[in-house]
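Trainee: Before I ask anything, here is the structure I am working with.
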Amino acid sequence: GDPQGAQCPHTPPALLSPPDSEKTPGYWNEGARRSLELALALQPAARRAKNIILFVGDGMGLPTMSAARIYKGQLAGGSGEETVLAMETFPHMALAKVSGAAPGVALLPLPETPLIPACFQTYTIDRQVPDSAGTGTAYLCGVKANAKTLGLSGAAVYGKCRTSFGNEVDSILHRARLAGKSVGIVTTTRVQHASPGAAYAHSASRSWYADANMPKEALRDGCKDIAYQLVHNTDINVILGGGRMYMTPKRTPDPEYPEDPAQNGTRKDGVDLIAEWLSAKQGARYVWDKKGLDAVEDDSVSHLMGLFEPKDMKYELNRNTSTDPSIVEMTEKAIRILRRNPNGFFLFVEDEIDHGHHSGRAKQALMEAVMLDQAVARAGELTSPSDTLTVVTADHSHVFTFGGNTLRGNSILGLAPKKAKDKRAYTSILYGNGPGYSIRDGARPAASLPAAEDKDYRQQAAVPLESETHSGEDVVVLAQGPMAHLFHGVQEQHYIAHAMAYAACIEPYATEPGCGAARRASHGTQCSLQPLLTLLALCVAAHMVGG
């Protein structure tokens, strides 16, 4: 259903007691038996992948996933705890480490090796708790790097332009394009942001969105801004997200907000990167609103750029459904265009759960997670696990938690059943730090309903900060499709890029055993028709001669 304005219902009394069926051992025994049978029937899909879709929930740690699961169920009218996210139906799982040592990487488990959950560490070379630039470089480029740098090895120094030269590392998206696949980026942030930026840019600073955001020294030394690199570094077929202002010359009015100078273009070099991109791509199309996106015929364009806000796109709960597309709609459009390539495609999809957490607004973050899951479900309907490897993960987690001995069916945005030691009510969801810290008249203000369920309510935090921070625990990786079993055990985050590249015979694994057959298979339908077409042409010619 339409999540716009969705309100998590106050705790229904009927949901405080579990269903009678759950009170019998048989209910649980039968459920466990079904799960066991599925596990016993699970076999590794050792064939190669034609397509890869990587979904990244920016900031979607395990607590966020668990809370989003409950929220999804409660939006549908249930108690929530028993709900299953679409991504949770994937048969293979791993955890990515955000902190720890860096052991060697072994890509393929031996056939007799048991498949075990994998854990992925997200730390960067210089930080125990990472940022989205360093993690993006890891899971897209396959190497650990320094925080705040994009597409560069650990030899590059943040903010130092000259250290980037010679230390560039290419993403799997870039390598997939060189291999003949179509590639795309979908994000609810600006397309020049840290996570999508790691797919195509090499920058000593994640903040160099346009030349106006760069120091004079970096420009003088020859570094290019991220928006420039978006257009020039990689031939990306589909680009959907926000970030219009970084693409056009200074003082260029925004098409959606022409009367607001704060939304104008920012480029100092006078270059219109959108116009430049359009002129360089035959069959290219640019749109800036939902109407324009809906009007694009899937088979009429080879390249599509859609920039729907000057900076980041709006939260789902704030989105104007008539002017701005959802992540689900953008994902569907991207897949429909990219899948026309007989060689397959690579698609990166990101939802900015992160910004909701940074602002201390849990409801905004959870709705973004629910929408990401809807995009995962829609992608599953448009593709097949027989040839498409789909991976869902997060770049890092947040200092977000929920607890308080809440009863079954309690609103995930609601209150704990008992008051705290200060005799004041508190919400189940809390943050370790952030803007939700508040002291009034020498005490913590009591939480109350329905205020705590408002989309802009800030849950209380233990430590006062302007912006809530990331956390350093491991993040989950879920996978289905060809070679999904490679996601196993406790792994470093950069392993994700390697496993995906191996699965699809992308460099540096293009010559691995089985890759030649995979390439022939991707052309199979097209090649098998050629003899029939030749025979048909000969028959027609013979008929005309004899006619």
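The values are calculated or read from the model by the stated rules, or taken from the named source; none is laboratory data. Quick caveat: nothing in here was measured; it's all calculated off a predicted structure. Reconstructed Cβ throughout: ideal geometry from the backbone, glycine too, with neighbour counts over all protein chains shown. Each accessible area value is taken on the protein alone, full model and side chains, heavy atoms only, with ligands, DNA and RNA left out. Shrake-Rupley method; radii C 1.70, N 1.55, O 1.52, S 1.80 Å.
Trainee: Just how much of residue 299 is accessible, in Å², when a 1.4 Å probe is used and the result is rounded to the nearest 10?
Mentor: Residue 299 has an accessible surface of roughly 120 Å² with all protein chains in place.
Trainee: ³J(HN,Hα) across the range 423-437 via Karplus (A = 6.51, B = -1.76, C = 1.60, θ = phi - 60°), whole Hz, x for Gly/Pro?
Mentor: 6, 10, 5, 9, 7, 4, 7, 9, 10, x, 8, x, x, x, 5
Trainee: Using a 1.4 angstrom probe with every protein chain in place, what is the largest-first accessible-area order of 441, 312, 170? List each step's numbers first, then the result.
Mentor: Details: 441 165, 312 35, 170 70 Å².
Of 441, 312, 170, the descending order of accessible area is 441, 170, 312.
Trainee: Run the helix sum for the chain: -39,500 (n - 2.57) per DSSP H stretch of 4+ residues, divided by residue count, reported at 222 nm to the nearest 500 deg cm²/dmol. Don't jump to the answer; show the numbers that get you there.
Mentor: Working: 15 runs with 157 residues, N = 547.
Computed mean residue ellipticity for the chain: -8500 deg cm²/dmol.
Trainee: Here is a follow-up. Along the Cα→Cβ direction, 7 angstrom out, place labels at residue 269 and residue 232. What is the inter-label distance in nm?
Mentor: The answer from the label model is 0.4 nm.
Trainee: Considering only the other residues whose Cβ falls under 15 Å of the Cβ of residue 456, what net charge follows from Lys and Arg at +1 and Asp and Glu at -1?
Mentor: Numbers: positive: 314, 319, 361, 363, 455, 458; negative: 316, 368, 453, 454, 468.
Result for the neighbourhood of residue 456: +1.
Trainee: Separate question: Can you give the relative contact order of the range 415-468 as a percent, counting alpha carbon pairs under 8 Å and 6+ residues apart? The partial results should precede the final answer.
Mentor: Numbers: 83 pairs, mean separation 23.4, N = 54.
Reported as a whole number, the value is 43 percent.
Trainee: Any chance you could check the Cα centroid distance between the range 439-488 and the range 132-184 for me, in angstrom?
Mentor: Here the two parts' Cα centres lie 28 Å apart.
Trainee: Now, a different point. Using 0.36 nm per residue, how much length does the chain from residue 284 to residue 424 gain when fully extended, once their Cα-Cα distance is taken away? Numbers along the way, then the final one.
Mentor: Values: separation 140, 0.36 × 140 = 50.40 nm, distance 5.86 nm.
Stretched fully, the residue 284-residue 424 segment lengthens by 44.5 nm.
Trainee: Using a cut-off of 10 Å between beta-carbons, work out the net charge of the residues near residue 249 (Lys and Arg +1, Asp and Glu -1, residue 249 not included). Numbers along the way, then the final one.
Mentor: Values: positive: 250, 251, 267, 268; negative: 269, 272.
So the surrounding residues net to +2.
Trainee: What lysines sit close enough to residue 281 to cross-link, taking a C-alpha to C-alpha distance under 26 Å and skipping anything fewer than 8 places away on the same chain?
Mentor: Within reach: 50, 181, 224, 250, 268, 290, 291, 311, 333.
Trainee: Using Cα pairs under 8 angstrom and six or more residues apart, how large is the relative contact order of the chain, in percent?
Mentor: Numbers: 1277 pairs, mean separation 138.6, N = 547.
Rounded, it is 25 percent for the chain.
Trainee: Enter the accessible area of residue 297 (Å², nearest 10), with the probe set to 1.4 Å and all protein chains included.
Mentor: Approximately 110 Å² for this residue.
Trainee: A further question on this structure: What does the range 367-522 give for Rg and for Dmax, in Å, if only its C-alpha atoms count?
Mentor: Looking at the range 367-522, its Cα Rg and Dmax stand at 22.2, 73 Å.
Trainee: In addition: With a 1.4 Å probe and all protein chains in place, put 216, 160 in order of accessible area, largest first. Show your work: numbers first, answer last.
Mentor: Details: 216 170, 160 115 Å².
Per-residue accessible area, sorted high to low, gives 216, 160.
Trainee: Select from the chain the helices, each a whole stretch of DSSP H, whose alpha-carbon atoms run 27 Å or more along the helix axis and whose Kyte-Doolittle mean is at least -1.0; answer none if there are none. Before the final figure, lay out the partial values.
Mentor: Details: long enough: 362-382 (30 Å, 0.39); 524-546 (34 Å, 1.25).
Helix filter hits for the chain: 362-382, 524-546.
Trainee: Could you tell me which label, among [x] 19, 48, 29, 3; [y] 21, 53, 23, 3, 0, 0; [z] 18, 36, 30, 15, 1, carries the value of P(r) over Cα pairs in 20 Å bins from 0, in percent calculated for this structure?
Mentor: [y]
Trainee: Further question: For the range 317-332 and the range 193-259, what is the separation of their Cα centres, given in Å?
Mentor: The range 317-332 and the range 193-259 have Cα centres spaced 23 Å from each other.
Trainee: Taking 2.2 N^0.38 Å as the expected size of a compact globular protein, what ratio does the Cα radius of gyration of the range 415-468 give against it, to two decimals? Write out the running numbers ahead of the final one.
Mentor: Numbers: Rg = 10.8 Å, N = 54, 2.2 N^0.38 = 10.0 Å.
Against the compact-globule rule of thumb, the ratio is 1.07.
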